[in-house]
Every structure is written in C-alpha cells, then in structure tokens.
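The values are calculated or read from the model by the stated rules, or taken from the named source; none is laboratory data. Keep in mind that what you see is a predicted model, and the values were worked out from it rather than measured. Here the Cβ positions follow ideal geometry from the backbone for every residue, glycine too, while neighbour counts run over all protein chains shown. Accessible surface areas use protein heavy atoms only, side chains included; no ligands, DNA or RNA. Shrake-Rupley method; radii C 1.70, N 1.55, O 1.52, S 1.80 Å.
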Amino acid sequence: QMPVFCTGHHALQGSVKRPPVAILRAAGNDGDPPAAEEDSFLEEETDEVLARLQREEGAYGREAAREAEARGSALVGRVDDIIADAGLRQEVTVVPTKGLAEAAPLLSVAVCGFGAGNGSGVSDRLLERLQQEARRKLDEPVWVDLTTVSSQSFEELDTLLARCRAVVLCLDVGEEDRRSLRLAREGLRAVLGSLPIPLSRVLMLSRIGAQSSKGGFNMGGFFGVGSDSGSFAGLEDELTSAARKRSGNSPLRVVVVRTGPLAERSSPAEVRVLPEDCEPSGSLAPETAAEALFEALALSVDTNFAVVEEPAQGSSYRLPNWPALLLPFVGAEIWRREVDDASRAAIFAQNWAEEFFGDGKDGLRFGIKTPMQVRKTPAGVIFKFRPVGTPSAYLFEDLEQGGVELISEEPADGKPRLRARRCAYGWKAITKENSERALLRKFEEDMAKVGL
C-alpha cells in the first residue's frame, strides 16, 4: 500500500509552521551546489512571509477559508457546466487512462550474472526473455560473467558494452555465498568503468532487508568506503557511489528489485509487488524474479520495489498483471483515491489547479513554498515546480525541478480513481516532499468539501 497524504488541517486553520528543508532522494540523487544554494535562499526568502502569515492568521485565515470555500463551490458549478456543454456538443473533454504502466521498446541490455553452474538461473531466464523480445540484431542482449569480467581488457569490455542502454545485475546467489558476492563486486567495478555515456539505467536484483542492518543506505558506501565487499549491501553501496559521481550529461539511474531467497516452487503462488522496505515474506521462484526484472525494464520502472509470492487460495490463482502491479513504481505514486466518476474528477482537478495555482496565483498560503506552473493533460493536470530565479525563457517542458501529475483512471478490473505521481525530477533534483504533501492535502480537503 502506497503512502496517502490525506491528513492534517487546512494550512490556514492551524498554526503556520516553517517546513524543514526538502530531503534528498534515497536512490542516489543529491543536490548539486546550485540546487542546494537555491533551496537555502528560498528558505530565507519565505521565512519572513510565513512569519507575517502567522501574525495575520486570525482574521486573514478566516476570510481566506471562506473565500476558498466559495471558490470551491463555484468550481463544482463550473464542472457541471463543462460536462453538460461537452455532452451537447458530443465532445470528450478528458480521457481517463486504463490505469496500467505502458511498455516501451527495449534496446540492447547487458545481463550481468554468474557463470554456468552458479546462481539460481535468473540471468539465464532473463537473457532468453530479452532475446525473444529483441526486434533487431542490434537490440539483442549481451551476456557478462561477473566472476571473470575483471580479467578482460578495457578495450574488450568497452566494445562489448558499446551498444547497451541498460544493465541488469542478476545477483541470484544466497547471502551466505560471500565468495561469489566478492567476485561480483570486482566484476561490477569493471563493468561500471566501461559503461558507454548513453547508458542510463541499471537494475539490480538484491534482497529484502539488505540495508536494514545499517538503518538504510550506508553513507560511507556512497563514496566507496567502509562497506562489506561480500554482501548485497556492499554491492548496492558500490553501485550507488558510482551513480552519484555521474554528471547531468550522463546520469545513471539505479533501481533495486528486492526479493526473498530464490527457490523453485512446487505449487501456484500469487505475486505481489510492495515497497522495498516491506518485511521478508518467504522465497521467490527464479522465473518470477526474471520476469519482474524484464517487466521493470519494459515498463520504465524508476523506483525501488520488492517482489514476494504468497500461496494461491484455491481456484483464485491468476497470472501476474505486471502493468498493474508495477504502476505505483513508475513516478513514483504518492497518492491514490477512488472516485465515482473519473472524468468528472479530472475536470475538477484541472479547474481546481487553474483556480488556485494558475498564472499569478501564490501557493504559499497553502504551505507550498516553491512556485508552480500548471498544464492540463488529456487525463488530468501536471503541476511543475518553478523555483525563484528560474530563467524566464524556460518553457514548461524545460522545467526539471520536480512536479506532481494528477491522473484520472478507469481500470478494467477496479473502480475509477485519481492518482498522483511524481514527475519532471531531473538528475539530482531535490525532492520537494513538503510542497507535494501540502498540495495533495489541499486538493483532498477541497475534494471532500464538494463531495467528490
């Protein structure tokens, strides 16, 4: 279950508090000096405004709350008019999506694993799956043996990886196999040293709880020191350290796919995809691990996740619907709510965005410290952060300091819903969690007021 930001009072109904500085994303992205200075400048710039709002909160807050309620009621009437007008003209104003992650063509992938007779066979299965899906000879996958690659020359490895656009590390051995994991780390270093500049994605098969003994990612490991070379955590740290050193011209985005111990299963099992910090839940079949890696590649998953299997109950067993299972990890999803009518909810979201955050509107009173720019989409609306000091020549498409997309969906096997997911976060952009939370809190409160 993904986190839902649905609690708390209206920003002007409780005391105005100074939000802390936005934290860095855990997946290896840090703020470069200009971004950090900009965030610090914005903190100082808004302190005085927040203090003034706090002093004036009594009278001003009540007036603003009444104004917001009136504007919300007017929005409902506007939504009704838009729907009625569209019906008369037989036009479609919004088109909710099907609520499935979309697959993209795969270019050549380097599958890195252990040689014949080692591992549980995940790499062999994945390699075969990628070969089946290759559209052209140029797109066929490349095999890299992590136990011997460190002995290859740089020239050989550079040539082998030249056409690859993604790497998958199939670490399909047990946690007790320290020797193989140490060899894998040496192999990983060789592979990282020969990655072509266009290669921007690395998926790593790891274990649930690999980082838990350290309370999260090892900070020393970010810089390549102080990690256990014969462990999954040490390999994750090695990869994270390399990714952080890449520049904005050659980003390296890392996704960790976590599982329990890998073992063949003897009976049908239901597949579940969960946040990476879930509790261990038994073993996972190697073929399921291979398919999870393939689907994560094809569906452009960009957030760490865990895959678990649970015994199927009687005749309820169904094949995994990967586009639905992995949907929350494209973005990633930060809010979800079922609605009665997806089209109506989308139109409300579009008009709500323009009413409160359109051109010339200030979101500071709602706790949103970074200015935003909005744009409608066929299924909803996108909010992009436009920090103070952004060049005026930058178009909406140029903004890469983060954003939130509200999407209306009509799943074939579920109720209509609205989802919010992160978008437009460029390489090493700081995640603006406080502003995201304030935006969604305000939106949900206004949805409740108008009965959506």
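Structure notes:
- The residues listed here are K384, K369; of these, the one that is open to solvent by 20 Å² or more (accessible area, probe 1.4 Å) and not in a strand (DSSP E or B) is K369.
- None of A424, A393, A429 is more than 19 Å from F356 (Cβ to Cβ), of a type in the set (G, A, S) and surrounded by fewer than 18 Cβ atoms within 10 Å (Cβ to Cβ) except A393.
- Among the criteria (1) hydrophobic (A, V, I, L, M, F, W, C); (2) at pLDDT 95 or above; (3) part of a helix (DSSP H, G or I), the one A233 does not fulfil is (2).
- Positions within the range 281-323 being among the polar types (S, T, N, Q) and touching a Pro at 6+ places or on another chain (Cβ under 7 Å), in sequence order: S283
- Qualifying residue in the range 144-166 (condition: among the aromatic types (F, W, Y), open to solvent by 30 Å² or more (accessible area, probe 1.4 Å) and without any contact (Cβ under 8 Å) to a residue 40 or more places away in the chain): no
One line per residue, one yes/no per condition, for (1) part of a loop (DSSP other than H, G, I, E, B); (2) under 28 Å from the mean Cα position of the chain (by Cα):
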residue	(1), (2)
A110	no, yes
G115	yes, no
S120	yes, no
L126	no, yes
L138	no, no
T147	yes, no
S150	no, no
E155	no, no
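- Every residue from the range 279-293 that is out of contact with any Gly (no Cβ under 8 Å at 6 or more places or on another chain), closer than 18 Å to G174 by Cβ, free of Cβ contacts under 8 Å to residues at least 40 places away in the same chain and not in a loop (DSSP other than H, G, I, E, B): T288
- Pairs linking a residue in the range 328-345 that is modelled with pLDDT under 95 to a residue that is in a helix (DSSP H, G or I) and open to solvent by 20 Å² or more (accessible area, probe 1.4 Å), with Cβ atoms under 8 Å and 6 or more positions apart or on different chains, are S343/I83; R344/I83.
- Close contacts from the range 232-244, counting a first residue that is under 11 Å from E175 (Cβ atoms) and free of Cβ contacts under 8 Å to residues at least 60 places away in the same chain and a second that is of a type outside the set (G, A, S) and not in a helix (DSSP H, G or I), with Cβ to Cβ under 7 Å and a gap of 6+ residues or different chains, come to A233/Q211; A233/N218.
- Candidates V173, V191: the one that is of a type in the set (A, V, I, L, M, F, W, C) and either out of contact with any strand residue (DSSP E or B) (no Cβ under 7 Å at 6 or more places or on another chain) or open to solvent by 10 Å² or more (accessible area, probe 1.4 Å) (or both) is V173.
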